[in-house]
1. Mind telling me which of the residues 158, 162, 152 ends up being in contact with a helix residue (DSSP H, G or I) (Cβ under 7 Å, 6 or more places away or on another chain) and farther than 14 Å from residue 113 by Cα?
2. Name, by its number, the condition in (1) at pLDDT 85 or above; (2) part of a loop (DSSP other than H, G, I, E, B) that does not hold for residue 52.
3. For residue 99, indicate whether it is assigned to a helix (DSSP H, G or I), crowded, with 18+ Cβ neighbours inside 10 Å and not assigned by TED's automatic domain parsing to the domain that holds residue 198.
4. Residue 91 passes all but one of (1) under 25 Å from residue 173 (Cβ atoms); (2) surrounded by fewer than 18 Cβ atoms within 10 Å (Cβ to Cβ); which number fails?
5. Looking at (1) assigned to a helix (DSSP H, G or I); (2) on the phi > 0 side of the Ramachandran plot, which is the only condition residue 107 fails?
6. Given the structure, is residue 83 modelled with pLDDT of 85 or more, assigned to a helix (DSSP H, G or I) and surrounded by 13 or more Cβ atoms within 10 Å (Cβ to Cβ)?
């Protein structure tokens, strides 16, 4: 096939090269007669979902998350942007946790793994969630091993790969899609309330407020962007000067 790959698909295929055969073989495929369509074929290198369905049992499942925004284009676009961010920082976050573990900074390593588990949870990555929970406990107790990190890395890549493939098939709005919200006291307070309540609507609100947040200064705006990519609403509130 000579079709030109999108940047996400190219990234996906590069990541997929890092998955070993045992990891690919362990992925659960759902038979077509079970009520779910078959969306991954064992033995293929790409695993691209021909029907665009967002489901791989235990690895990737955003159907429920996206269903809530199906009739709200702005929120849907915000969630897609969030998934872009999650995919872009996930591997780096796990690498930072590994480096901290290697350097004996066990508390730092465990904290990064804990945060990453919550972030990747938005992708429905229950397999990685279980593995990372065990890894976090092992790091805290000083019992972690390199094979445990290797297993977590493989499972993380599987979830990110699936998300990238799914994202590459999603229709996206051209341009900003909305005019944004001015950074006035009422809009900011509304957003803070959503953050404090850990309401997923805070993501859509952030996408609308993001241009105006530049007024807070480059450093604070960048910190908020990183925290939102990790769904760390408490960190966002801290940057905004609120006690979560």
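The values are calculated or read from the model by the stated rules, or taken from the named source; none is laboratory data. Since we're looking at a predicted model, the values are computed, not measured. Quick reminder, even Gly has a Cβ in these numbers, built from the backbone with ideal geometry, and neighbours come from all protein chains shown.
1. 158
2. (1)
3. Spelling it out, it is not the case that residue 99 is assigned to a helix (DSSP H, G or I), crowded, with 18+ Cβ neighbours inside 10 Å and not assigned by TED's automatic domain parsing to the domain that holds residue 198.
4. (1)
5. (2)
6. So residue 83 fits the description; yes.
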